[in-house]
Amino acid sequence: MRIAEMLTRGRPTVSFEFMAPRDEDEVAAVEKTVAALAGHAPDWVSVTYRKTTGQKTLELVTRIKRQYHIEAMAHLTCANTADETRPILNWMEREGVANVLALRGDPPGPGEAFVPADPQFQHGSDLVAFLRRSGYRFGIGAACSAEKHPESPDQGHEFRYMQLKVDSGADFLITQLFFDNRFYFDLVRRAREAGIAIPIVPGLMPVPSRRSLAFMAAMTGATVRPDLARAIEEAPDDDAVRALGVRHCIEQCVELLEAGVPGLHFYTFNRARAPMEILASLRGHATCATVLAHAPVRSGPLLVSPSAELASAPICTTTPAEPG
Ligand SMILES: Cc1cc2nc3c(=O)[nH]c(=O)nc-3n(C[C@H](O)[C@H](O)[C@H](O)COP(=O)(O)OP(=O)(O)OC[C@H]3O[C@@H](n4cnc5c(N)ncnc54)[C@H](O)[C@@H]3O)c2cc1C
């Protein structure tokens, strides 16, 4: 099923992003995470792509579809030439993959340049356009930044090229991770004002550790709110950092659900525990439980600003005992 359809049927979807295993040793660990999170009934999931591990992405996507009957989307990047990309897409089509996330791909490290394999694939929008004009029937997702991408000179530049992905044929967008919902609400408001009507799914990362936070903030350009940064700085140990990350993500999710987001997309980094704790908490929360389980179909444009009551609403922080 196309993910864009799920995102517009009125109930926010829950989705998890898994990182493709880098080698055989990682396969078992990833599969354990997938199995744990499959039990939490995601509407769809996705699997990251790297040129070196591309085969593992395809294998995991098809295995999730067959074994768990969960819609699994394959990421694909501009790491390949057009001639290398076509057989990958043909394979996906044959195997029944219904959705592709078309991306440029990460540079080798923060501050380094991305080098495209093919001059015709410089940006995410090029891959989106290629997928559309080549006649494939995939649902097409693309990435966007709630904040400024580290390589962008300004928000205007970022927005212009997000629009190009939509004009090139993207069916939905997933944001890069952010820790302050105001960036997301602002992006959606500007998008709707500019006539962009496709769903924009917020991408969320519960902070796993100080080190990961520093790395991901540098890679993505995400702003860490001063209150969160201070709390993390003052946390006595790694467990306390992780607990803070979960709590902050729950607060983000509550506000986002209340505001009518089309879905919640969790960057899992192949760890099941934090997303499981977050979902358990949301399902124990009076408003979110109803929204996640069986919300009435919304017909208007997706809501973009949180209610005043929500800002002061208490959050439920129950944590199940299942480690991931
Ligand atoms: C949901 C999600 C999943 C991801 N999964 C993966 C993955 O599986 N593998 C991986 O390697 N990376 C992944 N990434 C990371 C992503 O590849 C990086 O964030 C990358 O830097 C941007 O990808 P993009 O498709 O948005 O690139 P682009 O749209 O190409 O944007 C990159 C920069 O170029 C600018 N730009 C875009 N188009 C143009 C243009 N035509 N002319 C001039 N400038 C332009 C943009 O404003 C931005 O500054 C993911 C990111 C997200 C949000």
> So, in the stretch 96-145, of the ones that are among the polar types (S, T, N, Q) and near the ligand (Cβ under 10 Å from one of its atoms), which residue ends up farthest from R2 (Cα to Cα)?
Replying inline: Q122
> Among the residues of the stretch 29-39, which ones are more than 16 Å from the ligand (Cβ to nearest atom) and either on the phi > 0 side of the Ramachandran plot or more than 17 Å from the chain's Cα centre (by Cα) (or both)?
Replying inline: A29, E31, K32, A35, A36, G39
> For the stretch 169-268, which fully contained helices (runs of 4 or more DSSP H) count at least 2 residues that are closer than 26 Å to A36 by Cβ?
Replying inline: 210-220, 238-258
> With respect to R190, is the statement that it is of a type in the set (D, E, K, R), within 16 Å of the ligand (Cβ to nearest atom) and surrounded by fewer than 17 Cβ atoms within 10 Å (Cβ to Cβ) true?
Replying inline: yes
> Can you tell me which residue in the stretch 22-73 is surrounded by the fewest Cβ atoms within 10 Å (Cβ to Cβ), limited to those that are of a type in the set (S, T, N, Q), in contact with a strand residue (DSSP E or B) (Cβ under 9 Å, 6 or more places away or on another chain) and within 24 Å of G124 (Cβ to Cβ)?
Replying inline: T62
> List the pairs whose first member sits in the stretch 122-139 and is in a helix (DSSP H, G or I), whose second member is charged (D, E, K, R), and whose Cβ atoms are under 6 Å apart, counting only residues at least 6 apart or on separate chains?
Replying inline: G124/R104; G124/K165; S125/K165; V128/K165
> Is it the case that some residue within the stretch 158-169 is within 26 Å of T268 (Cβ to Cβ), in contact with a His (Cβ under 7 Å, 6 or more places away or on another chain), of a type outside the set (K, R) and modelled with pLDDT of 95 or more?
Replying inline: no
> Does L89 qualify as being touching a residue at least 40 places away in the same chain (Cβ under 8 Å) and either of a type in the set (V, I, T) or in contact with a His (Cβ under 9 Å, 6 or more places away or on another chain) (or both)?
Replying inline: no
>> Looking at the stretch 83-114 only, could you name the residues that are of a type in the set (A, V, I, L, M, F, W, C) and loosely packed, with under 14 Cβ neighbours inside 10 Å?
In response: A113
> With S168, S152 as the choices, which residue is hydroxyl-bearing (S, T, Y), farther than 20 Å from T13 by Cα and near the ligand (Cβ under 8 Å from one of its atoms)?
Replying inline: S152
> Applying the selection to the stretch 197-215, what residues are within 16 Å of the ligand (Cβ to nearest atom), aliphatic (A, V, I, L, M) and surrounded by 21 or more Cβ atoms within 10 Å (Cβ to Cβ)?
Replying inline: I200, V201, L204, M205
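Let's see how each residue does on (1) within 15 Å of the ligand (Cβ to nearest atom); (2) not in a helix (DSSP H, G or I):
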site	(1), (2)
M1	no, yes
E5	no, no
R9	no, yes
S15	yes, yes
V27	no, no
S46	yes, yes
Q67	no, no
N80	yes, yes
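The values are calculated or read from the model by the stated rules, or taken from the named source; none is laboratory data. A quick note: this is a predicted structure, and the numbers were derived from the prediction, not measured. Don't worry about glycine lacking a Cβ; one is built from the backbone with ideal geometry, like all the others, and counts go over all protein chains shown.
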